[in-house]
Structure formats: C-alpha cells, structure tokens
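Reading through the structure tokens given below for one structure.
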Amino acid sequence: MIHHRPPHDILVDYATGALAQPLAIAVATHAELCPESLAEIADIEAVGGVMLASLEPVKMSENALDRVMALVGEMDNRIPDTEIDAGPDISMRDEIRKSALPPAIRATLDGKTDTIAWQRRGPVIESTVLDCDLDNYEVRLFRIKAGKTVPQHTHEGLEITVCLTGGYTDGRDRYARGDFQVADPMVNHQPVADNDEHCIVLTVFEKDIRLTSPLGRLINPFVRL
C-alpha cells in the first residue's frame, strides 16, 4: 500500500502538461505504481477536457501543419543514437533488472536496464544520471545498501524522490515502493535504508544538496552525492 502521494497541485500541473519534464518523469513513475494517483490524474484530465470542449474553436493558420511537422523532424534529429556503457557491478545490474522499473524510467533509459553505468558515491551509495531536457534539473537513480544511512543533508531547491525497491525511513515516516516524497530547503534529513533489502530510488534535484553534519559541512565544497 502506498502511503505518500504527490500534492494535488503537482498532479494538476502534470495532468495539464505544465510540469517540467524531469518532474513529470517522477510523477509518471509514481502514478504507474499508484492506482489512486492514476485515477486522480484521469479525473483532472476529464475536467480539463470538459473545459476545452466549452471553448469557442479558433481557426488555425494555413501553415500550422507544416510547422508542426518541421518541429517533429527537428526532435527526431536530436535523439541520440549512442549506447549506455555497462557498469562494473554485475550483481547491481542484475538487481536493477529484477526491480521491474516502471515504464517512465525504462523509456528514459531506452530499455537498456541491464547496461546502466553505476558510479559509487561513497561506501553505501551508487547512482546513475538519467537524461532530461532541462539544465537546471538533475535526475538520478540512487541505490542505498540495506541498513545503511545516507549522509545528513538539506536542499538548495526542490527534491522529489520516488521509492522503487526496498524502503527507507526519514525521520518519523517510512517510504516503500511507489511512495512519493517532496523535500525543500526547510527539510534537513538523513534517510536510512531498510535492513532486509537494498533501496533504489528515483530522485529529481532542482539544485544541489548540501551536507549538514559537522563533517559534511567541512567537505561540502569537495563532494556531491
């Protein structure tokens, strides 16, 4: 059972197409695992459809179709045709394959879930960057070893996390597969992965995070998660 869902305003922005693409990936990932959020998105879209149907039609310009087709051609030319390098950790690649990544993430990875380039971010964390269209966001998959603790940190902007496998606790709350967490500069936390399974999460950063433990404050200029 999913206990943590996106705020209603985020679902509205997603359903209306107003949400930035990296954030939309996170919402789509959550919605694929949460029937309740999926139903709420459908309701919002239905209301929007009724509102659109009530508007007076506007005549399109004569060259509108040509302009749309030209834009489609430009988008096709920008799609990279490169392979993702295989990571060194075979067991990790097997684990991510078994985790049944939701379609929104598999689409971002172009289906290559067994050739993810994982990078170690310390003794307990590995991560890989997912492509997104906006420079001011970063989208990552993180893997936290079972029973291990993420360094204490806060955020210089919005951070959205969707739990994919395992689970973690964050203060008083626990997050499991499909749960959606929103954090901002007011949140100073130290997530701990459950003891029985490695935890894999999708995280979208609006800006960098900042370590807040005494040691973390000293090494902030030199490290990034």
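Residue-by-condition table, conditions (1) open to solvent by 20 Å² or more (accessible area, probe 1.4 Å); (2) of a type in the set (Asp, Glu); (3) modelled with pLDDT under 85; (4) in a loop (DSSP other than H, G, I, E, B):
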residue: GLY157; (1), (2), (3), (4): no, no, yes, yes
residue: THR161; (1), (2), (3), (4): no, no, no, no
residue: ARG174; (1), (2), (3), (4): yes, no, no, no
residue: GLY178; (1), (2), (3), (4): no, no, no, yes
residue: PRO185; (1), (2), (3), (4): yes, no, yes, yes
residue: VAL201; (1), (2), (3), (4): no, no, no, no
residue: GLY216; (1), (2), (3), (4): no, no, yes, no
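Filtered by the rule that a residue be under 16 Å from VAL162 (Cα atoms) and surrounded by 20 or more Cβ atoms within 10 Å (Cβ to Cβ), region 1-18 gives PRO6, ILE10, LEU11, TYR14. Residues in region 125-155 that are surrounded by 15 or more Cβ atoms within 10 Å (Cβ to Cβ) and free of Cβ contacts under 8 Å to residues at least 40 places away in the same chain: 1 in all.
Could you tell me how many of the residues in region 187-199 are under 11 Å from HIS153 (Cα atoms) and open to solvent by 20 Å² or more (accessible area, probe 1.4 Å)?
3
Go through the residues of region 95-104 one by one and say whether even a single one is among the β-branched types (Val, Ile, Thr) and either modelled with pLDDT of 85 or more or surrounded by fewer than 17 Cβ atoms within 10 Å (Cβ to Cβ) (or both). No - not one qualifying residue is present in region 95-104. The number of residues in region 178-197 that are in contact with a Cys (Cβ under 9 Å, 6 or more places away or on another chain) and closer than 13 Å to THR161 by Cα comes to 5.
The values are calculated or read from the model by the stated rules, or taken from the named source; none is laboratory data. Everything numeric here is computed off the predicted structure, so don't read it as measured data. No Cβ is skipped: glycine too gets one built from the backbone with ideal geometry, and neighbour counts run over all protein chains shown. Just the protein is used for accessible areas: all its heavy atoms, side chains included, with ligands, DNA and RNA removed. Shrake-Rupley method; radii C 1.70, N 1.55, O 1.52, S 1.80 Å.
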